[in-house]
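Working notes, structure below.
The values are calculated or read from the model by the stated rules, or taken from the named source; none is laboratory data. Keep in mind it's a predicted model, so treat the numbers as computed, not measured. Every residue, glycine among them, receives a Cβ derived from its backbone with ideal geometry; neighbour counts consider all protein chains shown. For accessibility, only protein heavy atoms count, side chains too; no ligands or nucleic acids. Shrake-Rupley method; radii C 1.70, N 1.55, O 1.52, S 1.80 Å.
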Amino acid sequence: MPVAALVATFVAGPGELAGALTWPLILTGLGLAVLHPVLPFSLEFLALRGLTTTAFGTLMSLEPAIALAVGLVALGQVPGAASAVGVVCVVIAGIGAIRTGRRDTAPAPGSGSGS
């Protein structure tokens with residue numbers, strides 16, 4: 001993220017931010033790029049400690065729908081029909097994978113049949 005922020009700043013920045021680009025602004029951007037993934041990851045890790053894996057997986061599969069709702073309410077972004085159907089398909093697939101994707105436990109070594 002920090003490298004992408006630097007590249008984007010120096011590639012697209014000069015035309016848009018000719019005189020507005022300062023060192024404090026660059027350092028703020030780099031700080032945000034580093035910290036941006038830390039908060040969601042930390043909160044998800046805390047939630048994983050208190051939830052069952054099935055409940056956590058179901059909540060994670062709802063993330064696209066939550067993002068769509070936040071975009072609609074907070075940003076006024078109205079999704080098209082195809083986007084809404086796509087989000088519904090992703091959520092259904094995620095929930096289906098969580099509910100039916102259990103692995104069988106592996107047999108203990110040496111306890112298999114035939115030999």
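Per-residue answers, yes or no, for (1) under 14 Å from the mean Cα position of the chain (by Cα); (2) surrounded by 13 or more Cβ atoms within 10 Å (Cβ to Cβ); (3) more than 27 Å from residue 4 (Cα to Cα):
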{"site": "46", "(1), (2), (3)": "no, no, yes"}
{"site": "51", "(1), (2), (3)": "no, yes, yes"}
{"site": "68", "(1), (2), (3)": "yes, yes, no"}
{"site": "73", "(1), (2), (3)": "no, no, yes"}
{"site": "92", "(1), (2), (3)": "no, no, yes"}
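When you go through (1) at pLDDT 85 or above; (2) touching a Ser or Thr at 6+ places or on another chain (Cβ under 8 Å) one by one for residue 79, which number turns out not to apply?
Answer for residue 79: the failing condition is (2).
Residue check, residue 70 against (1) modelled with pLDDT of 85 or more; (2) in a loop (DSSP other than H, G, I, E, B), all met but one. Which one?
Result: residue 70 passes all but (2).
For residues that are among the aliphatic types (A, V, I, L, M) and assigned to a helix (DSSP H, G or I), scanning just region 56-67, find the one that is farthest from residue 43 (Cα to Cα). Steps first, answer last, please.
Initially, region 56-67 is screened for residues among the aliphatic types (A, V, I, L, M), giving 59-60, 62, 65-67.
Those left that are additionally assigned to a helix (DSSP H, G or I): 59-60, 65-67.
Numbers: 59: 13, 60: 12, 65: 18, 66: 16, 67: 16 Å.
Ranking the qualifying residues of region 56-67, first place goes to 65.
Residues of region 54-63 being farther than 11 Å from residue 92 by Cα and either buried (at least 16 other Cβ atoms within 10 Å of the Cβ) or free of Cβ contacts under 8 Å to residues at least 12 places away in the same chain (or both), which ones?
55, 56, 57, 59, 63
Within region 76-90, work out how many residues are more than 23 Å from residue 59 (Cβ to Cβ), open to solvent by 50 Å² or more (accessible area, probe 1.4 Å) and either touching an Asp or Glu at 6+ places or on another chain (Cβ under 6 Å) or not in a helix (DSSP H, G or I) (or both). Reasoning before the result, please.
Quick first cut of region 76-90, residues more than 23 Å from residue 59 (Cβ to Cβ) only: 76, 78, 80-82.
Pick out the ones that are also open to solvent by 50 Å² or more (accessible area, probe 1.4 Å) and you get 76, 78, 81-82.
Adding the requirement that they be either touching an Asp or Glu at 6+ places or on another chain (Cβ under 6 Å) or not in a helix (DSSP H, G or I) (or both) leaves 76, 78.
Selection size over region 76-90: 2.
Would you please list the contacts, defined by Cβ atoms under 6 Å and residues six or more apart or on different chains, that run from a residue in region 19-34 that is at pLDDT below 80 to a residue that is hydrophobic (A, V, I, L, M, F, W, C) and not in a helix (DSSP H, G or I)?
Pairs found: 33/1.
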